[in-house]
Amino acid sequence: MSTPEDEERLSPLAQRWPRASKFLLSGCAAIVAELATFPLDLTKTRLQIQGEAALARLGDGARESAPYRGMVRTALGIVQEEGFLKLWQGVTPAIYRHIVYSGGRMVTYEHLREVVFGKSEDKHYPLWKSVIGGMMAGVVGQFLANPTDLVKVQMQMEGKRKLEGKPLRFRGVHHAFAKILAEGGIRGLWAGWVPNIQRAALVNMGDLTTYDTVKHYLVLNTPLEDNIMTHGLSSFCSGLVASILGTPADVIKSRIMNQPRDKQGRGLLYKSSTDCLIQAVQGEGFMSLYKGFLPSWLRMRSVQCDGRR
């Protein structure tokens, strides 16, 4: 006769460690999605950093002179000037980032939903709880993943630095982590974390709220049923709203993470995310906050591996 301990030992791993299993499955799915959509992320980062007005303060021709290019021309330019495989430059820290972010977000959201908030008496999970839980989970996941995001952004710009005749900063991913840690300490790995978690909160708020609202409206007010078409339309709208809300913070995050630093690891261009915002708007106009919007939106619609981003 089997004991409870024997039954637990023979049960599937997913039943014994449900949250750990979700973390691993989410991470594996994230790797596949990251590899497929990474060229969009690289293009987005290049567009976000292109034409920084703040570079004029460094003098000696530091400000970029190349004309602004759209998504397609930027991607083609990378292939022609740097090589096809450079579309995946920085993908290794991006995979690290996605595993940490997706897994951390998933586990945190599950914990908040089941333990902190809980369902109502009729077993329904209200929208406001979903929104708050999603935002908090996104913030936690993004904060944990910030060091990998920092390395990803800086490695994505290495090819551009080479074309401009500037010395490369890193020999590889692990050298990048070690160099940033040596120059800026632990705090250096969390450069740009404020706009990073702001983006995560805004994206999750817009995503979850819009998705559930649009889906509810379509089911109640149109002939559509709760099927793949309804989910597709809801995802389309939620990705658009999430990109509109999150792109400005994403631009600021990328610029702060990529800015040149002194020997103490302090940024030479921006004192804070607010300073970066003001300089971008004053020097380049309000729409500079939406550089890289199209590839960001397309990627957000494509990556569905961790539920909805």
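The values are calculated or read from the model by the stated rules, or taken from the named source; none is laboratory data. Here the structure is a predicted model, which is why all the values come from computation and not from measurement. Positions of Cβ are generated from backbone atoms using ideal geometry, with glycine treated the same way; all protein chains shown enter the neighbour counts. Ligands, DNA and RNA are excluded from the accessible area calculation, which covers all protein heavy atoms including side chains. Shrake-Rupley method; radii C 1.70, N 1.55, O 1.52, S 1.80 Å.
Please determine, by comparing only the residues of region 188-212 that are in contact (Cβ under 8 Å) with a residue 60 or more places away in the chain and open to solvent by 60 Å² or more (accessible area, probe 1.4 Å), which one is nearest to Met106 (Cα to Cα).
This residue is Met205.
Just one of (1) under 17 Å from Gly267 (Cβ atoms); (2) over 18 Å from the mean Cα position of the chain (by Cα) trips up Pro126, so point out which.
Condition not satisfied by Pro126: (1).
Every residue in region 258-276 that is open to solvent by less than 50 Å² (accessible area, probe 1.4 Å) and part of a helix (DSSP H, G or I), please.
Hits for region 258-276 are Asn258, Ser273, Asp275, Cys276.
Within region 213-257, take every residue that is touching a residue at least 60 places away in the same chain (Cβ under 8 Å) and more than 20 Å from Arg299 (Cα to Cα) and give me the one that is surrounded by the fewest Cβ atoms within 10 Å (Cβ to Cβ).
My answer is Thr213.
Taking region 81-114, which residues are of a type in the set (Asp, Glu) and open to solvent by 60 Å² or more (accessible area, probe 1.4 Å)?
Selection gives Glu81, Glu114.
Among the numbered criteria (1) in contact with a strand residue (DSSP E or B) (Cβ under 9 Å, 6 or more places away or on another chain); (2) modelled with pLDDT of 90 or more, which single criterion is violated by Gly184?
(2)
Quick one: Glu183 ticks every box in (1) open to solvent by 40 Å² or more (accessible area, probe 1.4 Å); (2) under 30 Å from Ile244 (Cβ atoms); (3) assigned to a helix (DSSP H, G or I) except a single one, so which number is it?
The failed condition is (2).
Among the residues of region 67-87, count how many are over 23 Å from Tyr290 (Cα atoms) and touching a residue at least 12 places away in the same chain (Cβ under 8 Å).
Residues that pass the stated criteria total 3.
Return a yes/no flag: does region 159-172 have any residue that is assigned to a helix (DSSP H, G or I) and at pLDDT 90 or above.
No.
If Leu150 satisfies every condition in (1) open to solvent by 30 Å² or more (accessible area, probe 1.4 Å); (2) in contact with a Leu (Cβ under 8 Å, 6 or more places away or on another chain); (3) among the hydrophobic types (A, V, I, L, M, F, W, C) but one, which is the exception?
So the condition that Leu150 fails would be (1).
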